[in-house]
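What follows is a set of notes on a single structure, which appears directly below.
The values are calculated or read from the model by the stated rules, or taken from the named source; none is laboratory data. A quick note: this is a predicted structure, and the numbers were derived from the prediction, not measured. Note: ideal-geometry Cβ built from the backbone for every residue, glycine included; neighbour counts use all protein chains shown. To get the accessible areas, we keep the full protein, side chains included, count just its heavy atoms, and leave off ligands, DNA and RNA. Shrake-Rupley method; radii C 1.70, N 1.55, O 1.52, S 1.80 Å.
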Amino acid sequence: EAGVAQSPRYKIIEKRQSVAFWCNPISGHATLYWYQQILGQGPKLLIQFQNNGVVDDSQLPKDRFSAERLKGVDSTLKIQPAKLEDSAVYLCASSWDVGNTEAFFGQGTRLTVV
Amino acid sequence: GDSVTQMEGPVTLSEEAFLTINCTYTATGYPSLFWYVQYPGEGLQLLLKATKADDKGSNKGFEATYRKETTSFHLEKGSVQVSDSAVYFCASDGVNAGGTSYGKLTFGQGTILTVHP
C-alpha cells in the first residue's frame, strides 16, 4: 500500500514570497490533515478535511494560509506572503474517516523562509 | 483546550537500559492516546495506542498504559536498542461530549532518544 506522498521535500524562499505544498493521501482515506511542526515542537493541526469539506480550520492563519482539497483526494496548502516564522516542516496525514484517528503521515516538506 | 506534556529531553541511554518517557494530558472527555515515533529522515509512524482507561498499548517491545486517575500515558521499554534512537511524540485526540473522536491530534513537544552501543 502506497503511503502519503508529499512534495516538495525541501523549499527555501524569501520572506514575502509565496509557496505551495502538495499532498496525495492514501487511496480511499476520506480525512486529510495538514500539520505544522516548528523545530523543537510537536505538530500542530492547521486544517482538517473530510472528503472535500473543511472540518476544522480554527488554527489556520487565514490572512496568509489557504488550503484546498478539490475532488476529495489531493490537497494543496499555500502560504502567501511567507514570514520568517513560517519556517517549519509541513506534514500531511490521512485516515479512513474522521472517527478513526489512526493517521498515516507523509515525510513532510521542510520550509525555510529567509 | 486539550494539551499534552512530555518529559524534558533529550534522553541518552546505553543499549539494554530501561526506558521511560513520561506523558500527561489534559482533555475534555476520554480521548484516545497515542505514541508516535519519528526515525531520522522518516515521517511520523504510529507506535502504539490505547482507546480507554486501563488499556495497555504495546508494539516492538514498547508499552504504555492509559491511566485516567493520573491522566498519564507513560512509554516504557525494558531493554532499548541502538535502532530505537528516534524522536517520540505523545498525542491525544479530541472527543466530543458523546465520546466521538474529532480526529484531530494534539501532540506533546517530542522527546529525542539516543541509544549508544
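Tabulated data for the structure shown
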{"quantity": "Output for segment B:1-54, where each listed residue is in contact (Cβ under 8 Å) with a residue 24 or more places away in the chain, more than 20 Å from A:Gly108 (Cβ to Cβ) and hydroxyl-bearing (Ser, Thr, Tyr)", "calculated": "B:Ser3, B:Thr5, B:Thr12, B:Ser14, B:Thr20, B:Thr24, B:Tyr25, B:Thr26, B:Thr28, B:Tyr30, B:Ser32"}
{"quantity": "Residue ID - farthest from B:Pro10 (Cα to Cα), chosen from residues in segment B:81-97 that are among the β-branched types (Val, Ile, Thr) and surrounded by fewer than 20 Cβ atoms within 10 Å (Cβ to Cβ)", "calculated": "B:Val82"}
{"quantity": "Residues (in a strand (DSSP E or B), open to solvent by 50 Å² or more (accessible area, probe 1.4 Å) and within 14 Å of another protein chain (Cβ to nearest Cβ)) located in segment A:103-114", "calculated": "A:Phe104, A:Arg110"}
{"quantity": "Long-range neighbours under 6 Å by Cβ, at least six apart or interchain, first residue at positive phi within segment A:36-65, second in a loop (DSSP other than H, G, I, E, B)", "calculated": "A:Asn51/A:Ala30"}
{"quantity": "Number of the condition not met by A:Ala2 [criteria: (1) in a strand (DSSP E or B); (2) more than 11 Å from every other protein chain (Cβ to nearest Cβ)]", "calculated": "(1)"}
{"quantity": "Residue ranges of strands (runs of 3 or more DSSP E) in segment A:21-102 with at least 3 members under 23 Å from B:Asp93 (Cα atoms), of a type outside the set (Ser, Thr, Tyr) and within 10 Å of the chain's Cα centre (by Cα)", "calculated": "A:31-37, A:44-50, A:88-95"}
{"quantity": "Answer residue from segment B:98-117, given it is more than 7 Å from every other protein chain (Cβ to nearest Cβ) and part of a loop (DSSP other than H, G, I, E, B) and is surrounded by the most Cβ atoms within 10 Å (Cβ to Cβ) among those", "calculated": "B:Gly99"}
{"quantity": "Strands (runs of 3 or more DSSP E) lying entirely in segment B:29-80 (those with 1 or more residues that are open to solvent by 60 Å² or more (accessible area, probe 1.4 Å) and charged (D, E, K, R))", "calculated": "B:44-50, B:56-59, B:62-65, B:75-77"}
{"quantity": "Search result, residues across segment B:2-13 that are open to solvent by 70 Å² or more (accessible area, probe 1.4 Å) and assigned to a strand (DSSP E or B)", "calculated": "B:Thr5, B:Thr12"}
{"quantity": "Residue among A:Ile79, A:Ile47 that alone is β-branched (Val, Ile, Thr), surrounded by 20 or more Cβ atoms within 10 Å (Cβ to Cβ) and more than 14 Å from chain B (Cβ to nearest Cβ)", "calculated": "A:Ile79"}
